[in-house]
Amino acid sequence: RKEVEQDPGPFNVPEGATVAFNCTYSNSASQSFFWYRQDCRKEPKLLMSVYSSGNEDGRFTAQLNRASQYISLLIRDSKLSDSATYLCVVNSNYGQNFVFGPGTRLSVLP
Amino acid sequence: DVKVTQSSRYLVKRTGEKVFLECVQDMDHENMFWYRQDPGLGLRLIYFSYDVKMKEKGDIPEGYSVSREKKERFSLILESASTNQTSMYLCASSLYPGRVEETQYFGPGTRLLVL
C-alpha cells in the first residue's frame, strides 16, 4: 500500500461546479498535512495547510480526519484557472519527511 | 518571500557525461531536498540534507550523489548520465525543526534530457 493515495482522476468539471478531492495516508504518526497545486511543467506550490479543525481559504476548504487518516479538498465555484494537478502531502517529522501523493488532475471546462 | 533557485531550467546532456544540478535557497533553511518527477510516478525523493555536509538517501538514490558544502546550496550530481535519468528535477527546502505546519518550498525545476 502506498503511503499517500489520492483519487486517480482526471476530473473534468464545468465552470462553476463544486469538486472534491480525497486523500488517504497510512502513517498514523503523520503530523502535518498540505495541499499543493502544480501547473503543467511548473513546480508544486503550496495551496493550503490542513488543520485538525478544518480550514477554509476563499473557495477552498480542507478537512482532516485523523481517525480515518483521510484528508479532503473542496473547491467551490470552479474557475478555468483552477485547472491543475492537486497534490496531497503528508509530513511525519517536523520538516524532514514529506511524502507526496501521486496527484489528481483537474480540468475545468468552459 | 522564500526563494529557491535552480541553476538551469533546461539541460541537454549526452550519455556518460557528468551532470551538476545546483540549488540555492535564501531562507536559511536547514533541510534541502532533491526530487525527480516523471509522468505517472509523481515526485520521488532522491536525497535530502538536514545540515551542512550531511546527507540522507531518499527512495531512489542510485546513480546520483549530492553535495552540501554551504547551508544555502545543495548540489545533485549525476556521475555518468544515462537516458533513464531524463526527467524533471525539483529542489526544495524546509525549516527544521519547524512548526508543525512548516512546509517545503520548491525551485522552478530543471528539465534534463539525456541523449
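The values are calculated or read from the model by the stated rules, or taken from the named source; none is laboratory data. Computed from a predicted structure; not experimentally measured. For neighbour counting, all protein chains shown are included, and Cβ atoms are generated from backbone atoms with ideal geometry for every residue, glycine included. For accessibility, only protein heavy atoms count, side chains too; no ligands or nucleic acids. Shrake-Rupley method; radii C 1.70, N 1.55, O 1.52, S 1.80 Å.
Listed residues A:Ser78, A:Ser49, A:Ser72, A:Ser30; which is without any contact (Cβ under 8 Å) to a residue 24 or more places away in the chain, among the hydroxyl-bearing types (Ser, Thr, Tyr) and either under 29 Å from B:Asp59 (Cβ atoms) or not in a strand (DSSP E or B) (or both)? After applying the criteria, what remains is A:Ser49. The numbered conditions (1) away from every other protein chain (no Cβ under 13 Å); (2) open to solvent by less than 60 Å² (accessible area, probe 1.4 Å); (3) closer than 21 Å to A:Phe98 by Cβ are all true for A:Cys23 except (1). Just name the residue that is farthest from the other protein chains (Cβ to nearest Cβ) out of those in segment A:32-59 that are more than 10 Å from the chain's Cα centre (by Cα) and open to solvent by less than 50 Å² (accessible area, probe 1.4 Å). Among those that are more than 10 Å from the chain's Cα centre (by Cα) and open to solvent by less than 50 Å² (accessible area, probe 1.4 Å), it is A:Gly54. When B:Tyr10 is tested against the conditions (1) within 12 Å of chain A (Cβ to nearest Cβ); (2) under 11 Å from the mean Cα position of the chain (by Cα); (3) not charged (D, E, K, R), the lone failure is (2). Checked against the criterion of being modelled with pLDDT of 90 or more, within 30 Å of B:Gln6 (Cα to Cα) and in contact with a Pro (Cβ under 8 Å, 6 or more places away or on another chain), segment A:47-70 has no qualifying residue. Checking each residue in segment B:35-56 for being within 15 Å of A:Cys88 (Cα to Cα) and surrounded by 22 or more Cβ atoms within 10 Å (Cβ to Cβ) picks out only B:Leu43.
Taking the criterion of being assigned to a loop (DSSP other than H, G, I, E, B) and within 14 Å of chain B (Cβ to nearest Cβ), the residues of segment A:81-110 that qualify are A:Ser92, A:Asn93, A:Tyr94, A:Gly95, A:Gln96, A:Asn97, A:Gly101, A:Pro102, A:Gly103.
Can you find even one residue in segment B:76-86 that is farther than 25 Å from A:Asn91 by Cβ, over 12 Å from the mean Cα position of the chain (by Cα), among the β-branched types (Val, Ile, Thr) and at pLDDT 95 or above?
Filtering segment B:76-86 for residues farther than 25 Å from A:Asn91 by Cβ gives B:77-86.
Next, only the ones that are over 12 Å from the mean Cα position of the chain (by Cα) stay: B:79-86.
Okay, now just the ones that are also among the β-branched types (Val, Ile, Thr), so B:83, B:86.
When the remaining residues are screened for being at pLDDT 95 or above, the result is B:83, B:86.
Looking for residues that are farther than 25 Å from A:Asn91 by Cβ, over 12 Å from the mean Cα position of the chain (by Cα), among the β-branched types (Val, Ile, Thr) and at pLDDT 95 or above, one finds at least one in segment B:76-86, hence yes.
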